[in-house]
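A.B. asks: My questions all concern the structure below.
The values are calculated or read from the model by the stated rules, or taken from the named source; none is laboratory data. Keep in mind the model is a prediction, meaning the values are calculated, not measured. Here the Cβ positions follow ideal geometry from the backbone for every residue, glycine too, while neighbour counts run over all protein chains shown. Ligands, DNA and RNA are excluded from the accessible area calculation, which covers all protein heavy atoms including side chains. Shrake-Rupley method; radii C 1.70, N 1.55, O 1.52, S 1.80 Å.
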Amino acid sequence: MFITFEGIDFCGKSTQVELLQKFFINKGREVKVIREPGGTLISERIRDILLDRKNSEMKMETEFLLFSSSRAQLVREIIIPALEKNIVVISDRFHDSSTAYQGFGRGLDISKINVINSFAISNVIPDITFLIDISVEECLKRKALRSNIELDRIEISSNTFYQKVREGYLKLANEEKRFVVINGTQSIEKIHKIIIERISLIKKGLIDEN
Ligand code: Z5A
């Protein structure tokens, strides 16, 4: 099973990824958790380039291709081998992040993004994608609480950019059945419960995985 988490920054993805990992471990399942960009030696190096605030000259095409390169390596080095061994793979972000951030956010042509996304992921489509949805105002509130942490190159983007990313995600979720949209302002426990219920439905074959 391949599960991905999406949403704008500070929506609570990482928190839910960790809880879901514990859930599977308690059930005796082997689970591999990864994050994007990153997850392999090469992909982590690309991550450093992408998030470094010194790289303010980076063009949006370069940015998208670097995210795609990082993903292409992760898919072939980690995700495909794990899925072949029947290991549950949970990814904190995947190709939908590129569609939302570089496509809807930056304004790159979505049809071009789709072509390169498909090439990078080699038809490895998530079985289920949880979109944890929060408003840009909620994102800013949570960001302010973590004012001691230096923001990275993408985190310093404008509110208008984040608004476009959020709307892009909601549009994607409306178009693809694998998405489950969850209101991210609910409690951490409540969100976790919704995620477990949804995964249980798929495992029982009660809902279509695609
Ligand atoms: N990016 C891209 O542009 N294109 C791509 O293709 C890909 C990525 C793959 C990666 O940053 C950046 O790259 C990201 C998108 C872009 N950019 N931005 N900006 P990252 O990996 O460093 O960070 P992130 O993915 O954006 O996640 P994050 O900042 O770590 O946040 P999160 O995982 O969504 O949330 P969290 O850490 O679980 O929680 C955030 C805070 O909210 C924390 O204090 C929690 O305690 C709190 N929280 C969590 N849940 C709740 C609830 N339910 N209520 C209240 N508070 C909560």
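A.B. asks: So which of Lys112, Lys141 is assigned to a helix (DSSP H, G or I), farther than 22 Å from Cys11 by Cβ and of a type in the set (Lys, Arg)?
C.D. replies: Lys112
A.B. asks: Sticking with this structure for a sec: Say whether the condition of being in contact with a Cys (Cβ under 8 Å, 6 or more places away or on another chain), aliphatic (A, V, I, L, M) and either without any contact (Cβ under 8 Å) to a residue 24 or more places away in the chain or closer than 24 Å to Ala173 by Cα (or both) is met by at least one residue in region 78-99. Outline the logic, then answer.
C.D. replies: Just the residues of region 78-99 that are in contact with a Cys (Cβ under 8 Å, 6 or more places away or on another chain), to begin with: none.
No - not one qualifying residue is present in region 78-99.
A.B. asks: Now for a different question. Being open to solvent by 20 Å² or more (accessible area, probe 1.4 Å) and within 14 Å of the ligand (Cβ to nearest atom) narrows it down to one of Glu44, Glu30, so name that one.
C.D. replies: Matching residue, one of Glu44, Glu30: Glu44.
A.B. asks: Quick one: which residue in Arg142, Arg76, Arg106, Arg146 is more than 15 Å from the chain's Cα centre (by Cα), surrounded by fewer than 16 Cβ atoms within 10 Å (Cβ to Cβ), at pLDDT 95 or above and basic (Lys, Arg)?
C.D. replies: It is Arg76.
A.B. asks: For region 11-25, indicate whether the set of residues that are aliphatic (A, V, I, L, M), open to solvent by 50 Å² or more (accessible area, probe 1.4 Å) and part of a helix (DSSP H, G or I) is non-empty.
C.D. replies: Looking through region 11-25, at least one residue is aliphatic (A, V, I, L, M), open to solvent by 50 Å² or more (accessible area, probe 1.4 Å) and part of a helix (DSSP H, G or I).
A.B. asks: Moving to a separate point now. Filter region 74-102 down to residues that are within 8 Å of the ligand (Cβ to nearest atom), on the phi < 0 side of the Ramachandran plot and not in a helix (DSSP H, G or I), then give me how many there are.
C.D. replies: 2
A.B. asks: Still on this structure, I have one more. Mind checking which residues of region 47-71 are under 19 Å from Ala100 (Cβ atoms) and either open to solvent by 30 Å² or more (accessible area, probe 1.4 Å) or outside any helix (DSSP H, G or I) (or both)?
C.D. replies: Selection gives Arg47, Leu51, Met58, Lys59, Met60, Glu61, Thr62, Leu65, Leu66, Ser69.
A.B. asks: Say we look at region 159-195 and pick out the residues that are part of a loop (DSSP other than H, G, I, E, B) and within 11 Å of the ligand (Cβ to nearest atom); which of these is least open to solvent (accessible area, probe 1.4 Å)? If you could, list the steps in order and put the result at the bottom.
C.D. replies: Applying the first criterion (part of a loop (DSSP other than H, G, I, E, B)) to region 159-195 yields 176-178, 184-187.
Still in the running and within 11 Å of the ligand (Cβ to nearest atom): 184-187.
Working: Gly184: 3, Thr185: 82, Gln186: 58, Ser187: 59 Å².
My answer is Gly184.
A.B. asks: I would also like to ask the following. Only one of Asp133, Asp127 is charged (D, E, K, R), under 23 Å from Gly107 (Cβ atoms) and open to solvent by 20 Å² or more (accessible area, probe 1.4 Å); which?
C.D. replies: Asp133
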